[in-house]
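The values are calculated or read from the model by the stated rules, or taken from the named source; none is laboratory data. Since this is a predicted model, take the numbers as computed values, not measurements. Counting neighbours? That spans all protein chains shown, and the Cβs are built from the backbone with ideal geometry, glycine included.
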Amino acid sequence: MKKIFIVLAILILSNPMYAKSNTEKIGDILSVAIPVGAYGATLYLDDEEGQYQFYKSYGTTLAATYALKYTVREKRPDSDNTDSFPSGHTSSAFSGAAFIHKRYGFEYAILPYLGAIYTGYSRVHSNKHYTRDVIAGALIGTASSWFFTSPYKNLDITPEVGADYKGIQFNYKW
């Protein structure tokens, strides 16, 4: 499955029709494709607990993002409207990538994270958001997924850092 994502990413990003002028379109696609892929993984694995966790994490991401958009009312760099802060595209993409990371492991989240980073880049590059909007969106999406998502099959691997130690903690619930 990882190979399919790599091949698709290479084909999409190397296709001449997705030249620099289409950066925004690629970001638009990734902002939807990453969370759809995350939810699709829960369906493929028949992971009902993961589906429920995805609903909570993604729903919270969208609710927080749009609550801020319509209360902060920051003007976009292109002066199109006043819902710049935070970036909805970026929060959506990072929510999906962080969900995959937390639920199924970092090795499956590398490409989604790269796609989410590209989505944030595309929003700044296309003059739709300031960098702070994108960073806020990434933080909202990531925090929501990390808060509501637990590891698949109850295995949790967490880095541990203290004043006098560094290591990895393994937790398994049965």
query = Which one is surrounded by the most Cβ atoms within 10 Å (Cβ to Cβ), of the residues in region 56-84 that are within 23 Å of Lys25 (Cα to Cα) and of a type in the set (Ser, Thr, Tyr)?
reply = Thr61
key: Residues that are aromatic (Phe, Trp, Tyr) and over 20 Å from Gly59 (Cβ atoms), drawn from region 94-110   = Phe106, Tyr108
note = Within region 85-109, residues over 11 Å from the mean Cα position of the chain (by Cα) and either surrounded by fewer than 24 Cβ atoms within 10 Å (Cβ to Cβ) or hydrophobic (A, V, I, L, M, F, W, C) (or both) come out as Phe85, Lys102, Tyr104, Gly105, Phe106, Glu107, Tyr108
task = Kindly provide the set of residues from region 22-62 that are of a type in the set (Gly, Ala, Ser) and touching a Ser or Thr at 6+ places or on another chain (Cβ under 9 Å), ordered by number.
result = Gly27, Ser31, Ala38, Gly50, Ser57, Gly59
ask   = Does Gly50 meet the test of being modelled with pLDDT of 90 or more, crowded, with 17+ Cβ neighbours inside 10 Å and touching a Lys or Arg at 6+ places or on another chain (Cβ under 7 Å)?
value = yes
task = Kindly indicate whether Arg123 is basic (Lys, Arg) and buried (at least 24 other Cβ atoms within 10 Å of the Cβ).
result = yes
query = Which of the residues spanning region 126-135 are surrounded by fewer than 23 Cβ atoms within 10 Å (Cβ to Cβ) and over 10 Å from Gly27 (Cβ atoms)?
reply = Asn127, Tyr130, Thr131, Arg132, Ile135
remark   = Of the residues in region 57-114 that are among the basic types (Lys, Arg) and in contact (Cβ under 8 Å) with a residue 24 or more places away in the chain, the one that is nearest to Val134 (Cα to Cα) is Arg76
